[in-house]
Amino acid sequence: MISALKPEEKIAISRISSLVLINALTFQEILSQHETRVLSLSQVVAETYPIEILRDHWQFILSQINYYPIFHLAREVLLNLSASPEITRGIRDLAEAAQRIVANRAALRHDLMGRVYHRLLADRKFLATYYTGIPAAVMLLKLALRPDAWATEWDNLDQLRAFRIADLACGTGTLLMAAADTVTDNYIASRASKGQAISIPDIHAALAEDILYGYDVLASAVHLTASTLALRAPDAVFKGMNLFSLPLGADAYSCHLGSIEFLRSKDTSLGLPGFGAPIAQVNSHGADSATMASLPELDLCVMNPPFTRSVGGNLLFVSSPKKEREQLQKELKKLVRNGNVPASITAGLGSVFVAIADRYIKPDGRIALVLPKAVLSGVAWDRTRELLRRNYRVEYIVASHDPLRWNFSESTDLSEVLLVARKVANGEPEQEQSSPVVGVNLWRNPTTSFDALAVVSRVLQAAPPDIAKGQGALEVGVGKQKTGEAVSIPWDTLKDQYLWLLPCAFAQSDLIRAAYYLMQHRLWIPGQKSLTPIPLSPLGELADLGPDRRDIHDAFKETETRTAFPALWGHRADSVYTMAQKPNRPAFASS
């Protein structure tokens, strides 16, 4: 019930609803320039009752043209609005704002509405998902889809229509947009090099109809993904879009886990009444009613998956009501346990999403991920590293050492990495499996797509030196400004290590090289040729690692009464400077 919502929740709903409306209005204005049957916004605002005009006209677009994911949700918002003077005035204001956006073509740049969407939700970590920055998306997809790494003939539209790229947590579509741009760049470059004609509408139609697949639990996010992709070439006609809003929730009869349902089958239900209307596929005659969403075999799975963890009070599915959340958590545990899924729920949903992707990636296909940096060293993430050891060859790890921006996602200060890995084909020669892993260490995290392209171009043009056998590092940057370094390490060397931090452990490559030799009990000093033996002992031989915080939450609760369990509680970097500490909580009691 709306009355049960908190004031801040009502404000968030109003903001997102307004964004859905202005997004549909913007797309209508652009569409009217290419489709004579579509009214311009000037025609709409001139009417006495613009809400009724829009309701009818959007239904006409849905039934006679296409773009179901864009106009269906917007029309549902209109159907729930009253025809009061205030609402009518608000609709006119949104229409005028949409006209200004269209007039300023620069405002239609890559994922504008996605940026606005996440800014509106910046005060709420809804579903613990974060918006991938555009420069990070560009770097990740340019590395994953570098043309010479695939057997695909990029100029061949028939081959491209058989290529499959999916994002299982697509959000507002930033990663899918970067994938579309990269595939388009590959297509244009390949055809231009052969003197062949280039058709942007053809490649756009192939991307929308066949290549790109997106899934999310937020209908409003899928709506924005559809419009963002459609705006790439609004004059192109396409028959369908493979974008789906998947149900997340539980009742007395069923439990829906969003994209996690793909652990059960490649086909999953779009839900029942109460879980939200399904996003039907678009076709040239309107919307086909769809009850199932399918996940095909993939050439590339790209994701910035949800990272909620089951520690600290168990935050999995934290946005759901408590009773429903407990049911979802139990269902997830049962699914992971019974399905022998190579993932750790303690690491979080990100680990589960990686395991889902693995089931659908073809041999020689790739996975491209934005993940917490803990994936390289966290104990709970070892099941994910083991999955990659067994089935993949890691190709790139990109880390930011920028003191102002450790992250690649917006609205978070969480340290993250970009990771690209290729799935090993059966019978592949050993030398192919053991080629180098490139570690890119950014001193300055790119803030524009141009800077991101400059970094990737440099990395792809030259071979970074090996940590053990080489000297120095490959400098990356923009123009004459150095913004990072890159080194390499054989995959056979890295995958046999429990921790994968080494290629991205430090911003300075000399420190990485020194750490490499220290792991072999040898001291290496830059500028000196000789190596000095040095005795070292693993910390695990000197002390025991403490329990995971989840175990603390499960077994103890805070109390003001003194007990036999005093504790050091918290991890504030501004107050904890030394390893030696005293208890800062009076006591803990067994729960």
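The values are calculated or read from the model by the stated rules, or taken from the named source; none is laboratory data. Just so we're clear, the structure is a prediction, and the values are computed from it rather than from any experiment. Because the Cβ atoms are built from the backbone with ideal geometry, glycine has one as well, and the counts that use them run over all protein chains shown.
For (1) out of contact with any Pro (no Cβ under 9 Å at 6 or more places or on another chain); (2) without any contact (Cβ under 8 Å) to a residue 60 or more places away in the chain; (3) of a type in the set (A, V, I, L, M, F, W, C); (4) not assigned by TED's automatic domain parsing to the domain that holds residue 220, each residue gets a yes or a no:
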site: 7; (1), (2), (3), (4): yes, yes, no, yes
site: 12; (1), (2), (3), (4): yes, no, yes, yes
site: 20; (1), (2), (3), (4): yes, no, yes, yes
site: 24; (1), (2), (3), (4): yes, no, yes, yes
site: 33; (1), (2), (3), (4): no, no, no, yes
site: 38; (1), (2), (3), (4): yes, yes, yes, yes
site: 48; (1), (2), (3), (4): yes, yes, no, yes
All positions within segment 370-383 that are under 19 Å from residue 140 (Cα atoms) and assigned to a helix (DSSP H, G or I): 373, 374, 375, 376
Boolean, residue 98 is at pLDDT below 55, farther than 30 Å from residue 459 by Cα and over 19 Å from the mean Cα position of the chain (by Cα): no
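Quickly run through segment 552-568 and pick out the residues that are among the aliphatic types (A, V, I, L, M) and touching a residue at least 40 places away in the same chain (Cβ under 8 Å). Spell out the reasoning first.
To start, the set of residues in segment 552-568 that are among the aliphatic types (A, V, I, L, M) comprises 552, 555, 564, 567-568.
Selection gives nothing.
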Listing of strands (runs of 3 or more DSSP E) fully contained in segment 392-498 that carry 3 or more residues being under 20 Å from residue 175 (Cβ atoms) and either in contact with a strand residue (DSSP E or B) (Cβ under 7 Å, 6 or more places away or on another chain) or without any contact (Cβ under 8 Å) to a residue 40 or more places away in the chain (or both): 392-400, 416-423
Segment 518-551, subset part of a helix (DSSP H, G or I) and in contact (Cβ under 8 Å) with a residue 40 or more places away in the chain, residue surrounded by the most Cβ atoms within 10 Å (Cβ to Cβ): 550
Subset of segment 150-167 that is among the polar types (S, T, N, Q) and surrounded by fewer than 17 Cβ atoms within 10 Å (Cβ to Cβ) - its residue that is farthest from residue 425 (Cα to Cα): 156
Qualifying position, being touching a helix residue (DSSP H, G or I) at 6+ places or on another chain (Cβ under 7 Å), under 30 Å from residue 529 (Cβ atoms) and either modelled with pLDDT under 90 or surrounded by fewer than 17 Cβ atoms within 10 Å (Cβ to Cβ) (or both), among 435, 415: 435
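Give the number of residues within segment 130-185 that are over 20 Å from residue 450 (Cα atoms) and not β-branched (Val, Ile, Thr). Quick ask: steps written out before the conclusion?
In the first step, residues of segment 130-185 are kept if they are over 20 Å from residue 450 (Cα atoms); the result is 130, 148-172.
Those still in the list that are not β-branched (Val, Ile, Thr) too: 130, 148-151, 153-164, 166-171.
Adding up the residues that qualify gives 23.
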Test: residue in segment 393-405 that is modelled with pLDDT under 95 and either small (Gly, Ala, Ser) or in contact with a His (Cβ under 6 Å, 6 or more places away or on another chain) (or both): no
Residues of segment 562-587 satisfying the condition of being out of contact with any strand residue (DSSP E or B) (no Cβ under 7 Å at 6 or more places or on another chain) and among the β-branched types (Val, Ile, Thr): 576, 578
Lone unmet requirement of (1) of a type outside the set (Phe, Trp, Tyr); (2) at pLDDT below 85; (3) farther than 24 Å from residue 219 by Cβ; (4) more than 34 Å from the chain's Cα centre (by Cα) for residue 85: (2)
Unmet requirement for residue 122, which otherwise passes all of (1) surrounded by fewer than 18 Cβ atoms within 10 Å (Cβ to Cβ); (2) within 22 Å of the chain's Cα centre (by Cα); (3) modelled with pLDDT of 85 or more: (3)
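Do the conditions hold for residue 499, that is, is it crowded, with 16+ Cβ neighbours inside 10 Å and closer than 30 Å to residue 360 by Cβ? Let's see the steps before the verdict.
Working: crowded, with 16+ Cβ neighbours inside 10 Å: no; closer than 30 Å to residue 360 by Cβ: yes.
Against the criterion (crowded, with 16+ Cβ neighbours inside 10 Å and closer than 30 Å to residue 360 by Cβ), residue 499 does not qualify.
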Members of segment 1-55 that are acidic (Asp, Glu) and under 21 Å from residue 69 (Cα atoms): 29, 35, 52
Residue within segment 140-149 that is touching a residue at least 40 places away in the same chain (Cβ under 8 Å), surrounded by fewer than 24 Cβ atoms within 10 Å (Cβ to Cβ) and not in a helix (DSSP H, G or I) present: yes
